[in-house]
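Reading through the structure tokens given below for one structure.
The values are calculated or read from the model by the stated rules, or taken from the named source; none is laboratory data. Please read these numbers as outputs of a predicted model, since none were measured by experiment. Counting neighbours? That spans all protein chains shown, and the Cβs are built from the backbone with ideal geometry, glycine included.
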Amino acid sequence: MPALTRRRALQGLAAAALPTAFAARAHHGWSSFDLDRPIYLEGKAVSVKWQNPHVELRLERPAALALPADLASRPVPAQTASVDAPALLKKAALPRRKDKVWEIECAPLSRMEAWKVPEIKAGQTLAVLGFTFKDEKGGAILRAEFLWLDGKTYALRSAPA
């Protein structure tokens, strides 16, 4: 293969790989989050992206937010992942940071469908328990572990058991 043709082929491969590299960098793995400090948030969905790689929404929290008195005793559905839900609910805390709007990362669409989570619409009230970055550094992002919507609880780490 001539050098010019080979260089163009390599440039084409690099250009094709570039968007994937940026997408992989933008997507957060579980290791980015502080799994020892579950955070509770509630509020209204400001906007929702019902898409893959995971459902995303922006949640506007009220100025005064308190942990619900019944949070530690709320029933949660069984899921295939081994998650100690009662321990997470007991350890739940409010965020230390005071951001009014949080980005919530939910499960992939396939898992949302497996749990039969209805499509969340802007303006809906919901609550989530999840994890943010270690020491709450970085953006106001919460990776949802549990979602409370319309009186139902959904576990989002894995498929239903």
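A few points about this structure:
- Answer residue from the stretch 78-113, given it is within 21 Å of residue 50 (Cβ to Cβ) and exposed (fewer than 15 other Cβ atoms within 10 Å of the Cβ) and is nearest to the chain's Cα centre (by Cα) among those: 108
- Taking the conditions (1) free of Cβ contacts under 8 Å to residues at least 40 places away in the same chain; (2) farther than 22 Å from residue 150 by Cα; (3) among the small types (Gly, Ala, Ser) in turn, residue 81 satisfies each one other than (1).
- Close pairs from the stretch 59-74: first in contact (Cβ under 8 Å) with a residue 12 or more places away in the chain and part of a loop (DSSP other than H, G, I, E, B), partner surrounded by 10 or more Cβ atoms within 10 Å (Cβ to Cβ) and among the polar types (S, T, N, Q), Cβ under 7 Å, at least 6 apart: 74/153
- Which listed residue, of 121, 100, 116, is within 17 Å of residue 155 (Cβ to Cβ) and basic (Lys, Arg): 116
- Long-range neighbours under 9 Å by Cβ, at least six apart or interchain, first residue within 12 Å of residue 119 (Cα to Cα) within the stretch 41-58, second in a loop (DSSP other than H, G, I, E, B) and of a type in the set (Phe, Trp, Tyr): 56/50; 57/50
- Count - residues of the stretch 55-86 that are touching a helix residue (DSSP H, G or I) at 6+ places or on another chain (Cβ under 8 Å) and not hydrophobic (A, V, I, L, M, F, W, C): 3
- Some residue of the stretch 35-43 being exposed (fewer than 12 other Cβ atoms within 10 Å of the Cβ) and either at pLDDT below 55 or over 19 Å from residue 130 (Cα atoms) (or both): no
- Residue list for the stretch 103-122, filter: out of contact with any Asp or Glu (no Cβ under 8 Å at 6 or more places or on another chain) and not in a loop (DSSP other than H, G, I, E, B): 109, 110, 111, 112, 113, 114
- Only one of 159, 144 that is aliphatic (A, V, I, L, M), at pLDDT below 95 and surrounded by 12 or more Cβ atoms within 10 Å (Cβ to Cβ): 159
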